Amino acid sequence: MAKRLEILVNHVMKLLLRSPFHRSFSQANMLITVLGRKSGKKITTPVSYYRDGDVVWVTAFRRAQWWRNAQANPSVELFLQRKVFRGQAEIILDEKRLVPALASYLRHVPGNGGFFGVRMENGEPNMENLSAAVPSLVMLEIMVEG
């Protein structure tokens with residue numbers, strides 16, 4: 001049942017992010033398209049993000065499959081505020097890089113703290129919660145082209 005709900009929510013988010021009504025959602029959400037590592041087909045998934053200049057940061061649960069495609073083929077397409085961008089994704093799995101990257105991400109997108117089980121305290125992630133969450137998460141650092 002949870003998987004069906006996730007599929008439904010993702011489908012609705014895709015529609016909303018592509019629609020003229022995207023503004024309420026596209027400040028913190030975008031679509032990422034990766035090539036399937038086995039099928040070679042395009043796979044599009046809604047994700048939460050924050051952008052810092054030419055870098056777009058995305059966090060996902062390791063149990064998700066879509067990010068593994070970006071690991072196999074780092075060329076990705078981003079549909080960000082109804083504009084298409086291309087980029088190169090680097091997958092961050094190493095805890096030494098993941099802890100500070102996730103802390104920075106949550107400072108920019110504090111509403112996602114609860115989603116990852118990290119309590120926010122005065123705009124800062126609780127480091128104990130963050131350290132506990134890291135083994136179940138992965139981050140993508142996407143360098144936007146052009």
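The values are calculated or read from the model by the stated rules, or taken from the named source; none is laboratory data. Quick caveat: nothing in here was measured; it's all calculated off a predicted structure. Reconstructed Cβ throughout: ideal geometry from the backbone, glycine too, with neighbour counts over all protein chains shown.
Among the residues here, residue 99 qualifies as touching a Ser or Thr at 6+ places or on another chain (Cβ under 8 Å) and either part of a helix (DSSP H, G or I) or surrounded by 14 or more Cβ atoms within 10 Å (Cβ to Cβ) (or both). Taken across region 130-145, residues that are over 15 Å from the mean Cα position of the chain (by Cα) and under 18 Å from residue 31 (Cβ atoms) do occur, with at least one present.
Name the single residue, out of those in region 73-83 being surrounded by 13 or more Cβ atoms within 10 Å (Cβ to Cβ) and out of contact with any helix residue (DSSP H, G or I) (no Cβ under 9 Å at 6 or more places or on another chain), that is nearest to residue 30 (Cα to Cα). Across region 73-83, the extreme among qualifying residues is 78. Condition check: in contact with a Lys or Arg (Cβ under 7 Å, 6 or more places away or on another chain), part of a helix (DSSP H, G or I) and surrounded by 14 or more Cβ atoms within 10 Å (Cβ to Cβ). Does residue 107 satisfy that? No.
From the set of residues in region 110-130 that are buried (at least 16 other Cβ atoms within 10 Å of the Cβ) and either out of contact with any strand residue (DSSP E or B) (no Cβ under 8 Å at 6 or more places or on another chain) or part of a helix (DSSP H, G or I) (or both), which is modelled with the lowest pLDDT? Walk me through it before giving the result.
Pass one, region 110-130, residues buried (at least 16 other Cβ atoms within 10 Å of the Cβ): 112-113, 116, 118, 120, 125-126, 129-130.
Still in the list and also either out of contact with any strand residue (DSSP E or B) (no Cβ under 8 Å at 6 or more places or on another chain) or part of a helix (DSSP H, G or I) (or both): 112, 120, 125, 129-130.
Values: 112: 91, 120: 96, 125: 97, 129: 97, 130: 96.
Checking each candidate, the answer is 112.
Evaluated against (1) surrounded by fewer than 14 Cβ atoms within 10 Å (Cβ to Cβ); (2) assigned to a strand (DSSP E or B), residue 63 falls short on exactly one condition, (2). Residues in region 81-100 that are free of Cβ contacts under 8 Å to residues at least 60 places away in the same chain and over 30 Å from residue 127 (Cα atoms): 81, 83, 84, 87. Across region 25-48, the qualifying residues are those that are in a loop (DSSP other than H, G, I, E, B) and modelled with pLDDT under 90, and the one among them that is nearest to residue 90 (Cα to Cα) is 28.
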